[in-house]
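The values are calculated or read from the model by the stated rules, or taken from the named source; none is laboratory data. Quantities reported herein were computed from a predicted structural model and do not represent experimental measurements. Here Cβ is always computed from backbone atoms with ideal geometry, including for glycine, and neighbour counts include all displayed protein chains. For accessibility, only protein heavy atoms count, side chains too; no ligands or nucleic acids. Shrake-Rupley method; radii C 1.70, N 1.55, O 1.52, S 1.80 Å.
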Amino acid sequence: LDELGGVSHSLYKLDQLELTTYLGTKKTENIPVGPTGAPLRPEWMEVETELDQNVCRLACFSENSLCIFQVGSKTLGLVVPTEISEDTFWDCFKNSVVTDLVEKELDEASLKPVNAKKTRVKHTTENLSAIPKGSFRGITKKEALMLEYVENFRLQFVELYPKRRPLFLFPPNECGINKFVCTTIRPTQLPYTELYDYDTCIRFVADFLKYEALEDPIQYPEQLPSPYSILQWQAGDCFDFSLVLVSLLTGVGYDAYVVVGYAPKAVTMYNQTKTYCPLLETTKDEKGDKQTEDKKKSTQPSKYAIKPALVLESQFILEQDAKAAAAKAAQLAAEDAAIPQEEEEDENAEEEDGGVDDLAGRRVHCWVMVMAGKREVGENFFVEPSTGRTYACNNSPYEGVEFIWNHTNFWVNMQEGTINSLAQIRENKDQTPKMENISWDLKNTDKWEFVLETQDPLETLRAEEGAAAGEGGENATPLAPNPEAGGEGGTEGG
């Protein structure tokens with residue numbers, strides 16, 4: 001690490017045991033040799049890194065010293081990699097003897113797990129040259145007007161519903177710029193026919209991105225990066241997964257939404273130990289279809305079928321077998337009744353205590369909902385983007401919904417399923433959260449409170465920005481933003 005806050009692109013390491021063995025045999029001149037007669041020396045192994053190459057930095061070994069050269073610093077100014085030439089002056093030099101390096105003593109704060117998303121965002125903020133210019137790093141006048149309108153809505157909502165959870169309306173993106181969450185979704189159709197259906201899009205996002213749990217399980221993330229950066233990092237939390245998936249689904253014609261609510265610990269922590277393997281489910285369905293076909297074929301009469309032979313059975317033997325089976329069942333029932341009932345209660349209590357979650361009903365999660373009506377979708381269904389599983393809206397593991405949004409508007413749930421209704425359910429132990437009671441009619445103002453009065457203002461804003469940039473529409477730009485579009489294209493992370 002250095003002033004630029006990054007690391008070299010290629011990192012290598014030596015195995016400590018091999019190095020010690022080699023140095024010990026070197027002193028005695030008993031260096032082992034390979035099949036070709038060449039001496040066996042420790043091999044350098046490359047260490048994988050998630051960061052992009054940084055040509056502004058150079059590290060090398062000279063005899064027993066580690067030397068680091070660098071172009072630019074926070075004091076002298078950051079240098080764009082494209083500006084480096086043969087005459088560039090390497091203004092930062094560090095030299096250290098390798099044998100003098102010792103392990104750094106870490107304090108209690110440093111020993112805590114580092115949030116990978118925060119590290120990536122920090123690296124992006126300190127190296128803005130890797131981010132396309134334009135609305136990533138600033139906002140236009142119309143965006144500022146939109147943020148002012150959204151802030152006015154937030155203030156009124158807090159005044160009317162002071163006990164409700166704060167809304168997630170305009171978090172900062174990876175460059176530290178506050179963006180309205182609706183602009184983080186970028187409807188995009190990729191030039192791959194495999195990603196034209198929802199099932200392949202879901203599978204792509206679940207396989208391509210690496211899932212990371214939220215730093216605080218009961219709070220929203222501090223940053224909401226753009227889909228462009230998320231795909232570059234190939235990692236993210238549930239909010240990042242949902243942004244990318246909704247951008248792809250909306251781009252190919254589906255009516256998709258980002259849903260923010262609550263889920264059990266197993267879902268938020270990507271724990272699938274108690275779930276059935278989806279590959280086995282597919283195999284099971286295929287076997288079931290095959291068995292059904294075979295059964296249909298077997299039930300069809302054949303004129304060449306031979307009549308089965310008559311089986312002669314003794315009625316006396318059948319009665320004796322039935323009596324023996326009844327006596328054995330009675331004996332087993334008596335043995336079960338002899339087991340103390342208290343031991344069973346204690347075992348059940350231990351099992352329940354081991355599975356109790358102190359944050360049950362409060363763990364924040366984000367997933368995707370696809371509504372019926374477009375692309376021949378018959379019923380609404382949920383999608384868990386981290387695993388790629390789909391659920392019916394009335395049969396899902398989720399516990400509640402606070403709000404949803406897409407690229408046109410933001411809706412707040414005014415029905416059951418919020419943090420307040422979940423608290424009431426926890427007090428009454430006889431009831432459980434019921435997602436099937438939630439109405440998904442977004443036009444019903446008694447059940448959903450929307451931010452924008454109509455969809456026209458945002459659509460008009462997008463159309464004007466696209467026309468000004470000469471692109472003519474909101475679907476003309478891919479996940480990467482247009483630097484001249486001014487930010488209303490939607491790729492800017494919140």
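Annotations
- Region 173-277: relative contact order as a whole-number percent, Cα under 8 Å and 6+ apart: 35 percent
- Among the trypsin sites (Lys or Arg not before Pro) in region 141-203, those located in a DSSP loop and surrounded by at most 13 other Cβ atoms within 10 Å of their own Cβ are 163.
- Neighbour-limited loop hits for chymotrypsin sites (Phe, Trp or Tyr not before Pro), region 184-236 (at most 13 other Cβ within 10 Å; DSSP other than H, G, I, E, B): 192
- Vicinal HN-Hα couplings computed from phi for region 245-262 (Karplus, 6.51 cos²θ - 1.76 cosθ + 1.60; Hz; Gly/Pro x): 5, 5, 4, 6, 5, 5, x, 9, x, 8, 8, 10, 9, 8, 10, 10, x, 9
- When the alpha carbon coordinates of region 176-258 are projected onto the principal axes, the ranges are 37, 25, 22 Å, largest first.
- Scanning residues 5 or more positions from residue 450 or on other chains, those with amide H under 5 Å from its amide H are 412, with H placed 1.01 Å from N in the peptide plane.
- Calculated FRET efficiency for the pair residue 437/residue 160, C-beta based, R₀ 25 Å, to 0.05: 0.60
- Placing dummy labels 7 Å off each Cα toward the beta-carbon, the span from residue 196 to residue 414 is 4.1 nm.
- Rounded accessible area of residue 140 (nearest 10 Å², 1.4 Å probe): 40 Å²
- Percent accessible area from carbon and sulfur atoms, region 99-188, protein chains only, probe 1.4 Å: 59 percent
- Residues whose amide H comes within less than 5 Å of that of residue 403, counting only those at least five positions distant or on another chain, are 260, 413 (H built at 1.01 Å from N in the peptide plane).
- Amide H partners (placed H, <5 Å) of residue 254, local residues excluded: none
- Between the beta carbons of residue 325 and residue 280, assuming R0 = 35 Å, the FRET efficiency works out to 0.50 to the nearest 0.05.
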